[in-house]
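The values are calculated or read from the model by the stated rules, or taken from the named source; none is laboratory data. Keep in mind that what you see is a predicted model, and the values were worked out from it rather than measured. All Cβ positions, even for glycine, are placed from backbone atoms using ideal geometry, and neighbour counts span all protein chains on display.
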Amino acid sequence: MTHDCIVLLSGGIDSATCAAIARHEGYTLYAMSFSYGQRHKIELAAAKRIADSVGVSEHRIVEIDLRAFGGSSLTSPLAVPKNRDLSATTGIPTTYVPARNTIFLSFALGWAEALGINNLFIGVNAIDYSGYPDCRPEFIRAYERMANLATRAAIEGKRLTIHTPLINLTKAEIIRRGVSLGLDYGLTHSCYDPTPSGLACGACDSCLIRKKGFIETGIEDPTKYGT
């Protein structure tokens, strides 16, 4: 097996930092993003910018349509929650997309096996996040076990490793790490519900977590907010 990896690239802070870390560790990167019926395509444009910036060998945007299932304010007419007190909020918000990381990892797993790659990088985080169940360490461990039962590569001794370098970091720690690697966060996009002109709403969970992270670092947030 070569020192290559598949990195899941959404266009946000976490996936961009994860890609920068993989590059820093000497991996040759193959990036995978998804057009899955989300509310906007701004994040895919950001993913393309990041892929170019970190120098991936190939960037694939996979077309799937999770609107067929609905169940999320990112893939249906449900309203995106705004101005929640994330320190006091419990429960899983409507921005959770059913089984999204399971689906995305499965596509990445298939591409990895086809390319003969046994390293996957995903920028999941279990500290500053919205409480999604598929961002937890136990989910990643369980998925890795499953992948190593489900693939010919693993059965033949080429076991898969899922790398989650951000999983126990705060958003501020993630930002500091990215800046130390020369990552330009002006390339990224975080907002779930941008304005028609493409400005970040400033009030969805993702915007609030992003703002908090930059405030805690003392680094200026390059995002332009509509509010």
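Within the range 74-86, is even one residue within 19 Å of CYS204 (Cα to Cα) and in contact with a Leu (Cβ under 7 Å, 6 or more places away or on another chain)?
Yes: one or more hits.
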Q) If we keep just the residues of the range 34-53 that are more than 13 Å from the chain's Cα centre (by Cα) and of a type in the set (D, E, K, R), which is farthest from ALA79 (Cα to Cα)? A) ASP52
Q: From the list THR90, THR17, THR28, pick out the single residue that is in contact with an Asp or Glu (Cβ under 6 Å, 6 or more places away or on another chain), hydroxyl-bearing (Ser, Thr, Tyr) and over 16 Å from TYR192 (Cα atoms).
A: THR28
Q.
Looking at GLU173 and the list (1) at pLDDT 95 or above; (2) part of a helix (DSSP H, G or I); (3) more than 28 Å from GLY226 (Cα to Cα), which single condition is not satisfied?
A. (3)
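Give the range 92-103 a look and list any residue that's in a loop (DSSP other than H, G, I, E, B) and touching a residue at least 24 places away in the same chain (Cβ under 8 Å), or say none.
Filtering the range 92-103 for residues in a loop (DSSP other than H, G, I, E, B) gives 92-99.
ILE92, PRO93, THR95, TYR96, VAL97, PRO98, ALA99 - these are the residues of the range 92-103 that are in a loop (DSSP other than H, G, I, E, B) and touching a residue at least 24 places away in the same chain (Cβ under 8 Å).
Which of the strands (runs of 3 or more DSSP E) contained wholly in the range 1-79 include at least 1 residues that are without any contact (Cβ under 8 Å) to a residue 60 or more places away in the chain and hydrophobic (A, V, I, L, M, F, W, C)?
Details: elements: 4-8, 28-35, 58-63.
So the answer is 28-35, 58-63.
Pick from the range 176-205 the residues that are more than 20 Å from ALA51 (Cβ to Cβ) and small (Gly, Ala, Ser): which of them is modelled with the lowest pLDDT?
Residues of the range 176-205 more than 20 Å from ALA51 (Cβ to Cβ): 176, 180, 192-197, 199-205.
Filter once more, so that each one left must be small (Gly, Ala, Ser): 180, 197, 200, 202-203.
On the way: SER180: 98, SER197: 91, ALA200: 97, GLY202: 97, ALA203: 97.
It comes out as SER197.
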Q: Could you check SER190 against (1) more than 19 Å from ASP85 (Cα to Cα); (2) in contact with a helix residue (DSSP H, G or I) (Cβ under 9 Å, 6 or more places away or on another chain); (3) among the small types (Gly, Ala, Ser) and say which number it fails?
A: (1)
Q.
Of all residues being modelled with pLDDT of 95 or more, part of a loop (DSSP other than H, G, I, E, B) and among the β-branched types (Val, Ile, Thr) in the range 104-149, which is farthest from LEU8 (Cα to Cα)? Just the residue, please.
A. ILE117
Q) Looking only at residues in the range 182-216 that are part of a helix (DSSP H, G or I) and among the aliphatic types (A, V, I, L, M), which one is nearest to ALA20 (Cα to Cα)? A) LEU187
